[in-house]
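The values are calculated or read from the model by the stated rules, or taken from the named source; none is laboratory data. This is a predicted model, so every value here is computed, not measured. Cβ sites come from the backbone with ideal geometry, for glycine too, and all protein chains shown count toward neighbours. Quick note on the areas: whole protein, heavy atoms, side chains included, nothing else; ligands and nucleic acids left out. Shrake-Rupley method; radii C 1.70, N 1.55, O 1.52, S 1.80 Å.
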Amino acid sequence: MEEKEKWICRALIFSGLKDPEWKITASEAEEILSALDTENKTDDFALEEDVSGYRGCVLKSPGGVYWRAFNGVVKVNDNGKIFFCIDVGRKFEKLLIGSAPAGIIAGNLLNI
Amino acid sequence: MKLKVTIDVFSGLPNPSFTLGDKDSKTFLNKVKLQSGIKAKENVISPFHLGYRGIIIEQTEEAVSDFPKTMYLSGKFAFGTEESFEILNNDAESYALNFLDKVRNIELKPDFPVFLQKEMDRVKILRDKIDYNKILKLKWPILTKVGPCYCAPVYEPKWWNDAGQIQYNNNCYNYSTNYRTDTFAQPGQASGHLRSVPISSCDDSAGYTGPKSAAVSDGLIDTPNADNKCPRPGHLVALVIAPPPAFGGYGDFHWYRKGNNGHWTHKPGGGQATNLDSSGNIILDPRNADRGPYTVFCTFMKVLHGHIKLQ
């Protein structure tokens, strides 16, 4: 993975206003992704949706793969192929949120 | 005087057009023989079929007052922007065939004049066969079988909830207006009247642009007295806000839309489009639904498809 290619992160908080968004390097993304158990993936799952307030975070690779994490589950969209992974202890989610630069997300906006 | 003449024949490609100078313009209008005192009957509708339909004539310089500035010539009628008239010369349209060599906006193939003449002949026969009264009577009964809000979008969550480009880049405003931009559209962004932050109220105040006026600037129509009724045409949306201290003091706005089946649906930001409120109930009226922190109901608005621009 090239260092120059940026990965995009976003915290899904607002309905109308733009969500906080930041970029990370490939090596940072690699570290976050290592927290995910991709051995036990399944397409027979559902991501718990919250209609208001914080509803997880999203990581997007330069190649267009999306990881959306919320409350212990990660929904992966690998260029149209959808599957789910368990995010034990919300580790992936916390690492992703933790990668945000200081001040970009007001602390009281999240409930993790 | 000058006339810009456009031959309305294509559906997708640009129509051929040409400009006539003073002498040819006057000759053309004389051919039309517009009888301004004889107005077209109300049950006449402008052409809607595929293929050749008519000729658009626009007076571009030194307009004369006894003709509409812009009129659509089709068979026995000249349709102006406000009034329509009967004309005496059924062959006025064919006169345009004399000027096809003046067309500059598109390249016409050599056999186009022959094609156009055949089309004009075909349409002359077609016009005599069309029963306008029958068409006007049929229009509404067919459409009301589709759903109570037949002008409104259908609820199709799968399309919006792709867990990718569409879902994460289109927000409540995109969804409610049924207008994908992939920019997480903001009220007023496209029209230069961007909503302010924090979202403290629905309406404007000194130094503050509320989401309501910002959306109106984008082309939505404020209909505060809509009372949850489907507009025709267009569809109904509802604006609500979560004022500070919600969302860490930023506040937020949210939109719902009334669908084809009369139920309301919404899309919370980058989340999935849903027909449920915060309590898991179907939404029949956003004023009474559980809206979570979006406690303030601002207004209903009408969206006319194709009349708005979001960014």
Query raised in the report: When all alpha-carbon pairs of the stretch A:7-101 are counted, what percent fall beyond 22 Å?
Result: 21
Query raised in the report: Using the Cα atoms as the points, what is the convex hull volume per residue of the stretch B:239-311 in Å³?
Result: 113
Report task. Springs between alpha-carbon atoms under 10 Å, Gaussian network over chain B: tell me which of B:ASN161, B:ASN260, B:ASN30 tops the mean-square fluctuations. Result -> B:ASN30
Query raised in the report: How big is the Kirkwood radius of the protein assembly as shown, worked out from every pair of different alpha carbons and given in Å to one decimal?
Result: 25.5
**Report entry** Per residue accessible area in Å² of the stretch A:7-112, where ligands, DNA and RNA are left out and the probe is 1.4 Å
**Finding:** 45
Query raised in the report: Which FRET efficiency value, to the nearest 0.05, is calculated for B:LEU304 and A:GLU30 with the Förster distance at 51 angstrom and r the Cβ-Cβ distance?
Result: 0.55
Query raised in the report: How well do other chains shield peptide B:167-175, expressed as the mean number of their Cβ atoms within 10 Å of each residue Cβ?
Result: 3
Query raised in the report: Tell me, what is the percent relative contact order of chain B, built from C-alpha pairs under 8 Å that lie six or more residues apart?
Result: 15
Query raised in the report: What per residue convex hull volume, in Å³, comes out for the stretch B:157-303 when only alpha-carbon positions are used?
Result: 106
Query - With Cα atoms, 0 to 90° folded angle of helix B:22-32 axis to chain B main axis - result: 90
Query raised in the report: Expressed as an acute angle from 0 to 90° and rounded to the nearest 10, what is the orientation of the C-alpha long axis of helix B:132-144 relative to the principal long axis of chain B?
Result: 10
Requested in this report: Keeping all protein chains in position, work out how much accessible area B:TYR179 exposes to a 1.4 Å probe, and write it in Å² to the nearest 10.
Outcome: 70
**Report entry** Accessible carbon and sulfur surface of the protein assembly as shown relative to its total accessible area, %, 1.4 Å
**Finding:** 51
Requested in this report: Pull up all non-local amide H partners of B:SER84: gap of 5 or more, or a different chain, and H-to-H distance under 5 Å with H placed in the peptide plane.
Outcome: B:ALA40
Query raised in the report: Just A:ILE24, A:ILE82, A:ILE32 to compare: in a GNM of chain A, with alpha carbon springs under 10 Å, which one fluctuates most?
Result: A:ILE82
Query raised in the report: Counting only protein heavy atoms and rolling a 1.4 Å probe, how much accessible area do B and A lose on contact, total for both sides, in Å² to 100?
Result: 2200
Query - No Cys partner within the rule (Cβ under 4.7 Å), chain B - result: B:CYS151, B:CYS172
Query raised in the report: Which value in deg cm²/dmol, rounded to the nearest 500, describes the helix-derived mean residue ellipticity at 222 nm for chain B, given -39,500 (n - 2.57) per DSSP H run of n ≥ 4 and division by the residue count?
Result: -6000 deg cm²/dmol
Requested in this report: Would you mind computing Rg(Cα) / (2.2 N^0.38 Å) for chain B, counting N as its residues?
Outcome: 1.30
Report summary line: Once B:CYS202, B:CYS151 are ranked on solvent-accessible area with the largest value leading and a 1.4 Å probe, the list reads B:CYS151, B:CYS202
